[in-house]
Each structure stands twice: as structure tokens, then as C-alpha cells.
1. For the chain, return all DSSP H helices satisfying: extent of Cα atoms along own axis at least 24 Å; mean Kyte-Doolittle hydropathy at least 0.5.
2. What is the dipole size for the chain, taken about its Cα centre, with +1 at each Lys and Arg Cβ and -1 at each Asp and Glu Cβ, in debye to the nearest 20?
3. Please say if the range 3-138 is rounded, prolate or oblate, where rounded means a/c under 1.5 for a ≥ b ≥ c the square roots of the C-alpha gyration tensor eigenvalues, and otherwise the choice is prolate for a/b larger than b/c and oblate otherwise?
4. Under a 1.4 Å probe, what is the accessible area of the range 39-81 per residue, stated in Å²?
5. Normalising by the residue count of the chain, find the relative contact order in percent from Cα pairs under 8 Å and 6+ residues apart.
6. Run lengths n ≥ 4 of DSSP H only: what is the helix-derived mean residue ellipticity at 222 nm for the chain, with -39500 (n - 2.57) per run over all residues, to the nearest 500?
7. Taking every DSSP beta bridge that has both residues in the range 3-138, what percent is antiparallel when rounded to the nearest 5?
8. Can you give the relative contact order of the range 28-91 as a percent, counting alpha carbon pairs under 8 Å and 6+ residues apart?
Amino acid sequence: MTSEHGPEDGLTHFLYRSNARANFTAEDLRTIVAEARNRNSSCGVTGCLHFEDGLFFQWLEGPKIALDMIIALIRNDPRHEDMTDLSYGPLTARRFADWSMRATDRHRASLLDWFASNQVSTIDRIAYAGSVSAFLVAISV
Ligand SMILES: Cc1cc2nc3c(=O)[nH]c(=O)nc-3n(C[C@H](O)[C@H](O)[C@H](O)COP(=O)(O)O)c2cc1C
């Protein structure tokens, strides 16, 4: 299922931001990452989840049908709210081919510091999405 074997038909990506519900704990985060890894690996979906200051930023990539099913599950999950879609569409090559769900937090690298140092505007949705995905890829190497 990796891009090393050439382009994958129907490869699609999704990037969003959401807010963790009040009283969200480190244990909740571990549970989510375990659930995500479980289902994603059985569906050929890969990606990463960054959690910082009560915010989730998640990049998902995989075959469109499986991805859309997982997005629907995530949308209905009461452990977060205010989901803001940042980017969705075709993708030429996976960025997280080796990760059923990479999990990072601010101890690894701070997205909010990255926003500040790159003077990222939250008004231009496309530029904002580009900056978030650049950060997620940059910290994964
Ligand atoms: C921020 C966030 C990210 C999530 N990411 C994934 C994911 O990548 N893949 C997945 O299958 N479930 C993910 N989940 C969990 C799903 O929303 C859902 O609860 C879970 O898949 C249900 O699993 P179950 O049917 O085994 O109970 C995420 C939930 C949250 C709150």
C-alpha cells in the first residue's frame, strides 16, 4: 500500500483541525491513537495526529472509500468538537506511508510556535492548510 510501488488509484487526503472536549485526558489521547492505529492499518489508511493546547491537527491519507468512512466516524466522535476542514482531495504520494497514525505533541515540536515564527495567517484557509501540512511533514523526519 505504499507509494514505493507507484501511484495508487484513488489516493485521497484529508486535513482538519478540531478542539478536544473539556476534561480531555492523556489517557483519552492514548485510547484514540490506539483505536486509530487499529482501524487505519486494516483499511490502508496512514497519517498523523498532532495534539497541542487542546487542539487536534490530523492528516489522513488512503483509498477514498476507506478514508471517507473513517472521516465520517471521526466527525461523529464526541471526544472533540468544532471540526474545521482544512484540505481534502487527491494525493499523488503518501506522506506518512510508514505510519498507521503517527502521534505527536508539543514536546516533539510546537505547531503554535511554528505559526508564530512563520507569521501564519488563519484567515487564508489554503495558506493555513499548507503551513499545517508542512509542519506535520517537517517534524516526521
Ligand atoms: C481527534 C480524533 C482522531 C481520530 N482518528 C482516527 C483515525 O485516524 N482512525 C480511526 O479509525 N479512528 C479515529 N478516531 C476514532 C474514531 O472517531 C472512532 O471513535 C473510532 O474509530 C471508533 O472505533 P470503534 O468502532 O472500534 O469503537 C479519532 C478520534 C478523534 C477524536
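1. none
2. 100 debye
3. Oblate is the answer for the range 3-138, as a/c is 1.5 or above yet b/c matches or exceeds a/b.
4. Roughly 41 Å² per residue, with all protein chains present.
5. This gives 35 percent for the chain.
6. -11500 deg cm²/dmol
7. 85 percent
8. Across the range 28-91, relative contact order equals 21 percent.
The values are calculated or read from the model by the stated rules, or taken from the named source; none is laboratory data. Only a predicted model underlies this, so the values are computations on that prediction, with no experimental measurement involved. Please note: Cβ atoms are built from the backbone with ideal geometry, for glycine as well, and neighbour counts cover all protein chains shown. Areas reflect the complete protein model, heavy atoms only, side chains present, ligands, DNA and RNA absent. Shrake-Rupley method; radii C 1.70, N 1.55, O 1.52, S 1.80 Å.
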